[in-house]
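Every number here is computed from the coordinates shown, using simple stated rules; none is lab data. Keep in mind that what you see is a predicted model, and the values were worked out from it rather than measured.
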Amino acid sequence: MATFVPSGPGRLARLDTLFTALLQSGPLASGTVDVAVDQRGHVVGTAVWESPRTGPETPGPFLAQLPAFLRALGLRGALAAARHRAVLHRPRPRLPHWYLAEIGVAARARGLGVGTALLEHRLRRIDGARGAAYLESSTDRNRALYRRHGFVELGVITGLPSGEPMAMWRPRASAPTPI
């Protein structure tokens, strides 16, 4: 996010606006957000999934959030983010699939299995529906986690100014598994 929302005054507010717009333009409109909480009810992790599309992508939810994207990023940042999104979108399989848009774990909960629990929770449901899943991964550590859960590397995504994430695919289960 530092590429689009650099450090400075108002950064946290702009990031909040950006993430809210991202959620409302995709997963909240057509997917799901899984939340992990600790024993005291504090959120310690989230996984944001877009559900499989049944037709071509429609710009409606994105366009509805355009004013928020412009507030968060400014015109130049919004154009850079749109280019970034287009590069990430190119290698996405055309087959129906769940897309892991974001997964995050609070610093205080890292290493405790929260990310694994979030991933396993949704993958059980995807397997139960005989679905497939896709994601992009930026780190070797995360790729190892995804490989343990049946994802295979499709290749490095090139053309981004800050890194080369790996496209990863998890084929649909051959037989339904209980949810």
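Observations on the model:
- Gaussian network model of the chain, springs between alpha carbon atoms under 10 Å - residue of 43, 105, 87 with greatest fluctuation: 43
- Under 5 Å between amide hydrogens, built in the peptide plane, is the criterion, and for residue 45 it picks out 36, 106 among residues at least 5 positions away or on other chains.
- Along segment 79-84 the Karplus relation, 6.51 cos²θ - 1.76 cosθ + 1.60 evaluated at θ = phi - 60°, assigns HN-Hα couplings of 5, 5, 5, 5, 5, 4 Hz to successive residues, with x for each Gly and Pro.
- Along segment 3-13 the Karplus relation, 6.51 cos²θ - 1.76 cosθ + 1.60 evaluated at θ = phi - 60°, assigns HN-Hα couplings of 5, 9, 10, x, 4, x, x, x, 4, 4, 5 Hz to successive residues, with x for each Gly and Pro.
- Highest-fluctuation residue, 39, 24, 65 considered, GNM on the chain with Cα pairs under 10 Å: 39
- Relative contact order, whole percent, for the chain stands at 21, derived from Cα pairs under 8 Å and 6 or more residues apart.
- Among 113, 45, 104, the residue with the largest mean-square fluctuation in a Gaussian network model of the chain, with springs joining Cα atoms closer than 10 Å, is 113.
- Helical runs (DSSP H, four residues minimum) scored at -39500 (n - 2.57) apiece and divided by the length of the chain put the mean residue ellipticity at 222 nm at -12500 deg cm²/dmol.
- Intensity falloff of the chain expressed as log10 I(q)/I(0), Debye formula with alpha-carbon point scatterers, at q = 0.08, 0.14, 0.17, 0.19 Å⁻¹: -0.26, -0.85, -1.28, -1.55
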